[in-house]
Each structure stands twice: as C-alpha cells, then as structure tokens.
Amino acid sequence: MMQTSYTDEDWMRYALELAKRADDEGEIPVGAVLVLDNQVIGEGWNRPIGRHDPTAHAEIMALQQGGLVLQNYRLLNTTLYVTLEPCVMCAGAMVHSRIQRLVYGAKDLKTGAAGSLLNVLGHPGMNHQVEVVADVLAETCSAYLSDFFKRRREQIKAQKKLRQGLL
C-alpha cells in the first residue's frame, strides 16, 4: 500500500479547517495540527473562551493530544502546523515538548514568539531549538483572521446600535 506524502501547504490547509471550528464556536480562529511520519497525532483549535481556560490555545490542545497518542511528553521528530505565529506560552510548550519543526501561516506582530516580536524557539539560551518555517499560506491565514475581526467589530457595532435604540 502506497502512503501519500503531504506538503506543508496541505497540512496548513488542514489547520485552516480546524481554525474554522474555532470561528464556529466564537473563538479567535486559530488551528493547529501535530504530525509525525506524515500522520496526524494531535489537533486543536482555539477554545479559551468556551473552556474558561487561558491555556486552551490551538497549539496546546494539539500538543496535549500528541502526548496522549505517543504516551510521552516528548514529541520528538514532530512538526506542528499553526495558522498564526505562536505566543510565548505556546512557544515555551513547544520547546518543552521537543518538537522538531514549527510551520506557521500568519505573523503575529503583537504577540508572536517565533521571530516577529520575540524569538523563543531559536533563543540560544534555550535547551532545545525548534526549526521554524514561516509564512506558509500566510495571505490565506492572515485574511481569515482579518475577516474574523472585521465581522466581530461589525457585530459589536450592531449590538451598540440595538442597545441605543432600546434605551
């Protein structure tokens, strides 16, 4: 039986599908998929609002699933695909889990910890460095996030107008 080999772009498209789940739940649409030997071992989407948990980021969810699948907190030789550059918390979890590669879509100039604001994953003082591949389907990932925030602003405006009309 022949095994299909997927590209970084293929996996990022899958992460975008997971981001849509977050969007459907009213969460910031970020998706993540953890891959080992061309197989999914973990996936996640942002869920901090619904779970009342500030750590329920897509990356953390995918890493936790991967640990359960492998029965090990060390996720050696894995690649994590994320639609948005990880924050400091998620980057720290990647270092501790010893993933091999991070592939992300959109840069996060405000909180990105994979090179945009900080570089946690490549910091020479860290006990593990993660190979980083940035900007995979960046325009698609960025546009999806921008559209989400535009829709959210429009919803807030509409709610304000509705409240003003009721007062």
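Numerical summary
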{"quantity": "Compactness index (Cα Rg / 2.2 N^0.38 Å), the stretch 8-166", "calculated": "1.08"}
{"quantity": "Label zone at Val95 (point 7 Å along Cα-to-Cβ), backbone N below 14 Å, the stretch 125-167", "calculated": "125-131"}
{"quantity": "Alpha-carbon centroid distance for the pair the stretch 105-167 / the stretch 39-61, whole angstrom", "calculated": "15"}
{"quantity": "If the convex hull is drawn through the Cα atoms of the stretch 1-81, its volume per residue in Å³", "calculated": "92"}
{"quantity": "With Cα atoms, 0 to 90° folded angle of helix 138-166 axis to the chain main axis", "calculated": "30"}
{"quantity": "Trypsin sites (Lys or Arg not before Pro) restricted to the stretch 40-127 and DSSP loop, no more than 10 other C-beta within 10 Å", "calculated": "Lys110"}
{"quantity": "Computed helical MRE - 222 nm, the chain, DSSP H runs ≥ 4 contributing -39500 (n - 2.57), nearest 500", "calculated": "-14000 deg cm²/dmol"}
{"quantity": "Folded to 0 to 90 degrees: helix 58-70 orientation relative to the chain principal axis, Cα", "calculated": "40"}
{"quantity": "Pairwise FRET efficiency - Glu9 versus Leu162, Cβ, R0 = 41 Å, nearest 0.05", "calculated": "0.45"}
{"quantity": "Most to least accessible of Tyr14, Tyr73 (protein chains only, probe 1.4 Å)", "calculated": "Tyr73, Tyr14"}
{"quantity": "Helix 88-97 vs. the chain, principal-axis angle (Cα, 0 to 90°, nearest 10)", "calculated": "20"}
{"quantity": "Förster-model FRET efficiency, 41 Å R0, Gln71 and Glu154, C-beta, rounded to 0.05", "calculated": "0.35"}
{"quantity": "Nonlocal amide H pairs with Ile41, under 5 Å, H built at 1.01 Å", "calculated": "Leu34, Val35, Leu36"}
{"quantity": "19 Å cut-off, amide nitrogen to a point 7 angstrom out along Leu118 Cα→Cβ, residues in the stretch 37-61", "calculated": "54-61"}
{"quantity": "Surface share of carbon and sulfur [accessible, 1.4 angstrom probe, percent] for the stretch 45-167", "calculated": "57"}
{"quantity": "Average accessible surface area per residue within the stretch 8-166, 1.4 Å rolling probe, Å²", "calculated": "53"}
{"quantity": "Relative contact order [Cα under 8 Å, 6+ residues apart], the stretch 8-166, whole percent", "calculated": "18"}
{"quantity": "DSSP-defined antiparallel bridges as percent of all bridges, the stretch 1-130, nearest 5", "calculated": "70"}
{"quantity": "Student exercise, the stretch 8-166 dipole from Lys, Arg, Asp, Glu Cβ charges, in Debye to nearest 20", "calculated": "840"}
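The values are calculated or read from the model by the stated rules, or taken from the named source; none is laboratory data. Nothing here was measured: the structure is a model prediction, and the numbers come from that model. Cβ atoms come from the backbone with ideal geometry, glycine included; neighbour counts cover every protein chain shown. The accessibility values were calculated without ligands, DNA or RNA, using every heavy atom of the protein model including side chains. Shrake-Rupley method; radii C 1.70, N 1.55, O 1.52, S 1.80 Å.
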